1. Hey, what's the Kirkwood Rh for region 209-283 if you take every pair of different alpha carbons, in angstrom?
2. How large is log10 I(q)/I(0) at q = 0.20 Å⁻¹ when the Debye formula is applied to the Cα atoms of region 63-222, each weighted equally and without solvent?
3. Compute the Cα gyration tensor for region 201-243, then decide on rounded, prolate or oblate, letting a ≥ b ≥ c be the square roots of its eigenvalues: rounded whenever a/c is under 1.5, prolate when a/b is larger than b/c in the other cases, and oblate in all that remain.
4. What percent does the relative contact order of region 236-287 come to when contacts are Cα pairs within less than 8 Å and at least six residues apart?
5. Where does region 55-144 land on Rg(C-alpha)/(2.2 N^0.38 Å)?
6. Just the Cα atoms of region 114-159, one point each, no solvent: what log10 I(q)/I(0) does Debye give at q = 0.21, 0.23, 0.24, 0.26 Å⁻¹?
7. Which whole-number percent gives the relative contact order of region 91-191, counting Cα pairs below 8 Å spaced six or more residues apart?
8. Could you check how many percent of all C-alpha pairs in region 146-198 are farther apart than 14 Å?
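No lab work stands behind these numbers, since they all come straight from the coordinates. Remember, predicted model here, so these are calculated numbers, not experimental data.
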């Protein structure tokens, strides 16, 4: 009986079904990506919103390689010793943004705790190169915590992307399990420092890892207390059997209720739904 209940609980509900990407704008971007062998997180991460975002002129790129120095329990990115920094990467990313005619680019990265500057110099150069080649493109940088080395964070503040994002990912109680090398309060301090530096800030939380509704609301309030502007709430989905299991599938009605609660707390935007990811509707968060 227990096995049957577990199996039924873990079957994906109908609201997680994804429509195939369509639209002329999506098809044009698809051709460019294939022809020039461009790399986006949208594609490699099989994001359910790829068609919608590409149709709106938004795409997400990952820099600093594809091997992370951390081993988060939710993330499918390979963990290990990263390759040497590719100094030409910022130019290649900027060329991709230009070829794809991206209106709003989201840049993210693996964690590079092996580097003294945490990779911040590559972040800065990537922003410079995109602005040089595509001056009308707006930018969101989805950054790591730089291990709390705030002089590296300052480099991001100095180049002033339109939005700076850092995901809290989960509630305080589950942080050690979900984000093994990260710290809940360190992430909050990073977001606070960004706001003090004049940045528009954004953070995301995954649901379905076993957190309670009370813990979700506490986490949302913690983010508002450091003046985060934009919040994304989405359903956690297990990338491989080796990763943390899904404990609960959150209903669309619950996501809607959480959105209303977030707006009442004072978030400027709240994207909340089963298929919402960090970059979902990112172009709409400019203000």
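1. Numbers: mean 1/r = 0.0766 Å⁻¹.
Final number for the Kirkwood radius of region 209-283 is 13.1 Å.
2. -1.34
3. Oblate, since a/c reaches 1.5 and b/c is not below a/b.
4. Values: 24 pairs, mean separation 13.4, N = 52.
With pairs under 8 Å counted, the relative contact order is 26 percent.
5. Scaled against compact globular proteins, the figure is 1.09.
6. -0.69, -0.79, -0.84, -0.95
7. Values: 122 pairs, mean separation 27.8, N = 101.
Reported as a whole number, the value is 28 percent.
8. Details: 730 of 1378 pairs.
Across region 146-198, Cα pairs with separations above 14 Å total 53 percent.
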